[in-house]
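The values are calculated or read from the model by the stated rules, or taken from the named source; none is laboratory data. All of these numbers come straight from a predicted model, not from anything done at the bench. Using ideal geometry, Cβ is built from the backbone for each residue, glycine included, and neighbour counts are taken over all protein chains shown.
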């Protein structure tokens, strides 16, 4: 398995993936025309034919037969061409000393605080590809891309996680709040905003703070709660250093995770080394911790995992098939431990 930039020929595969996800992932609607435009924007971004404010980088997970089994993306800078909204959970305090009553109420404020940030988005893995560390490879490969092309992204990054909805696709948060102003089902608003029609938020959502005590218990329980299928992705982001800072998605209440890029675990544990072939004459160490690798190309970016490698100062020796997956012979490669717990195992020796 390896991760590469999306191509125009991947449209049918992307449509198939998007059709399988159901309600709640509006960045990948099952709309072929929309997806074709999304791919076109990504291809132009990889070729640096768009300004930073419009750039979008979309990657796919593929196997040796070039079959697409997953997708993920990075928006370089959010909120310039269309508005971006979240709810910030703050406290509203009321006190009356005369009757000795004190009230501290969690309150939702509509904000544009993420405008200008980079966004991790569109993470989707085909059920047949789950396991075998394909999910961590697909998601974390983006951090190596960011590390290498830091100038293309903002200082801060965030991910709006898919919020909770039931087996019928209904969101208690939406039913108790947004639906009262939009008068439509969650699936419909998810459809519209997934196609870029976010201006309706500004036109129809209440501008004033929303006291959480006015919402149902079921709606309040959705604050910062993810869909069960999204829990692994949430845990991965936490391990990489993203945090919940009391921002939630305005439609389903899912958590918005954010961090300064320079504070991310994978960014700080990445190294640039010279790659050479690991041959039979070199010592083969079995059961090594998985190592995340990528080449240093923008247009032809490749990332994969290796369980066999050998460090020699600022050189790393890798199996021939891994070098082929990365489109490398003998050149620089970026490496990082796939998991934080393996940092000491995979740390290359520093040169004197």
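Quick look at the numbers
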item	result
Residue in the stretch 111-121 that is touching a residue at least 40 places away in the same chain (Cβ under 8 Å) and more than 17 Å from the chain's Cα centre (by Cα) present	yes
Scan of the stretch 296-325 for residues that are assigned to a loop (DSSP other than H, G, I, E, B) and more than 30 Å from the chain's Cα centre (by Cα), ordered by number	313, 314
Only one of 98, 33, 40, 65 that is more than 30 Å from residue 246 (Cβ to Cβ) and either assigned to a strand (DSSP E or B) or outside the structural domain of residue 191 (by TED's automatic domain parsing) (or both)	98
Unmet requirement for residue 165, which otherwise passes all of (1) assigned to a loop (DSSP other than H, G, I, E, B); (2) surrounded by 18 or more Cβ atoms within 10 Å (Cβ to Cβ); (3) under 17 Å from the mean Cα position of the chain (by Cα)	(3)
Residue under evaluation residue 250, criteria (1) in a loop (DSSP other than H, G, I, E, B); (2) surrounded by fewer than 16 Cβ atoms within 10 Å (Cβ to Cβ), criterion not met	(2)
Single condition residue 299 does not satisfy, out of (1) modelled with pLDDT of 90 or more; (2) within 30 Å of residue 7 (Cβ to Cβ); (3) in the same structural domain as residue 63 (by TED's automatic domain parsing)	(3)
Odd one out for residue 16 among (1) within 19 Å of residue 123 (Cα to Cα); (2) in a loop (DSSP other than H, G, I, E, B); (3) at pLDDT below 90; (4) in contact with a strand residue (DSSP E or B) (Cβ under 9 Å, 6 or more places away or on another chain)	(2)
Matching entry among 209, 228, 232 (being more than 18 Å from residue 78 (Cα to Cα), touching a strand residue (DSSP E or B) at 6+ places or on another chain (Cβ under 9 Å) and either surrounded by fewer than 17 Cβ atoms within 10 Å (Cβ to Cβ) or free of Cβ contacts under 8 Å to residues at least 24 places away in the same chain (or both))	209
Flag for residue 180 being modelled with pLDDT under 90, assigned by TED's automatic domain parsing to the domain that holds residue 257 and part of a loop (DSSP other than H, G, I, E, B)	no
Matching residues, the stretch 264-293, being part of a loop (DSSP other than H, G, I, E, B), at pLDDT below 90 and in contact with a helix residue (DSSP H, G or I) (Cβ under 6 Å, 6 or more places away or on another chain)	289
Index of the failed condition, residue 57 passing every other in (1) farther than 29 Å from residue 222 by Cβ; (2) assigned to a strand (DSSP E or B); (3) at pLDDT below 95	(3)
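Listed here are the residues, each with its yes/no results for (1) closer than 30 Å to residue 326 by Cα; (2) surrounded by 18 or more Cβ atoms within 10 Å (Cβ to Cβ); (3) touching a helix residue (DSSP H, G or I) at 6+ places or on another chain (Cβ under 7 Å).
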position: 37; (1), (2), (3): yes, no, no
position: 55; (1), (2), (3): yes, yes, yes
position: 69; (1), (2), (3): yes, yes, yes
position: 88; (1), (2), (3): no, no, no
